[in-house]
1. May I ask you to verify whether B:Asn70 is at pLDDT 95 or above and closer than 25 Å to A:Trp91 by Cβ?
2. Of the residues in the range B:1-26, how many are within 14 Å of chain A (Cβ to nearest Cβ), in a loop (DSSP other than H, G, I, E, B) and over 18 Å from B:Ser87 (Cα atoms)?
3. Can you find even one residue in the range A:25-38 that is under 11 Å from the mean Cα position of the chain (by Cα), in a strand (DSSP E or B), more than 14 Å from chain B (Cβ to nearest Cβ) and touching a residue at least 40 places away in the same chain (Cβ under 8 Å)?
4. Checking the conditions here, which among A:Arg66, A:Arg41 is free of Cβ contacts under 8 Å to residues at least 40 places away in the same chain and closer than 30 Å to B:Thr5 by Cα?
5. Suppose we filter the range B:88-114 for residues that are more than 8 Å from B:Val4 (Cα to Cα), of a type outside the set (Gly, Ala, Ser) and in a strand (DSSP E or B); how many remain?
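The values are calculated or read from the model by the stated rules, or taken from the named source; none is laboratory data. Because the structure is predicted, anything quoted here is derived from the model rather than measured. Don't worry about glycine lacking a Cβ; one is built from the backbone with ideal geometry, like all the others, and counts go over all protein chains shown.
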Amino acid sequence: RKEVEQDPGPFNVPEGATVAFNCTYSNSASQSFFWYRQDCRKEPKLLMSVYSSGNEDGRFTAQLNRASQYISLLIRDSKLSDSATYLCVVWEAGGYNKLIFGAGTRLAVHP
Amino acid sequence: NAGVTQTPKFQVLKTGQSMTLQCAQDMNHNSMYWYRQDPGMGLRLIYYSASEGTTDKGEVPNGYNVSRLNKREFSLRLESAAPSQTSVYFCASSEAIAGSDEQYFGPGTRLTVT
């Protein structure tokens, strides 16, 4: 089983749509959670951290469910510029401290 | 502020050749990392350096070596390239090795080994 699993997509949505991505992680001891965004042939960039109480940044809302080991990202009012791959990322301390990356979910927003 | 820079951007090697990928950051970060990204897989950690003078293996270190030359620079060396090392390589840095610290990535090196 992969440590961080995501639906690869692609999700094809029209501008203005609301879209949700889900992610599950296998290690219950994982401590920190993030969504990174990666544009085509570019480097990943931090989109937002995910907190237990849930958090919002403009049109983006992230949720964490520790009991189910599940993370979500909701994008409201999608823009063409939201087209990218969204990476679910989990931090595991101990051993070699590391970020574990999901393979990503591709989003394509069309006019 | 250039952030994290990597050279070269593209490279084609023949099996058995060697090369060094260069990475530098100007954010005064303590920790630096090398990842590889393959289609359908998440980024995987090759090596990391928690601070100047230290380096440690990550998830997929075989076939690679690293040098933390100083606080700014962290290089990745392929001693004898193999086709399985065809990948996109990203260098990253963060203030420290801590779960809350954002990692900043360089633009990547696209390596093909024939």
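1. Working: at pLDDT 95 or above: yes; closer than 25 Å to A:Trp91 by Cβ: no.
It is false that B:Asn70 is at pLDDT 95 or above and closer than 25 Å to A:Trp91 by Cβ.
2. Selection size over the range B:1-26: 2.
3. no
4. None of the others qualify; the one that does is A:Arg41.
5. 8
Yes/no matrix, rows are residues, columns are (1) within 15 Å of the chain's Cα centre (by Cα); (2) surrounded by fewer than 13 Cβ atoms within 10 Å (Cβ to Cβ); (3) under 17 Å from B:Lys14 (Cα atoms); (4) facing chain A (nearest Cβ under 9 Å):
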position	(1), (2), (3), (4)
B:Glu73	yes, no, no, no
B:Ser80	no, yes, yes, no
B:Ser93	yes, no, no, no
B:Ala98	no, no, no, yes
B:Gln103	yes, no, no, yes
B:Gly108	yes, no, no, yes
B:Thr112	no, no, yes, no
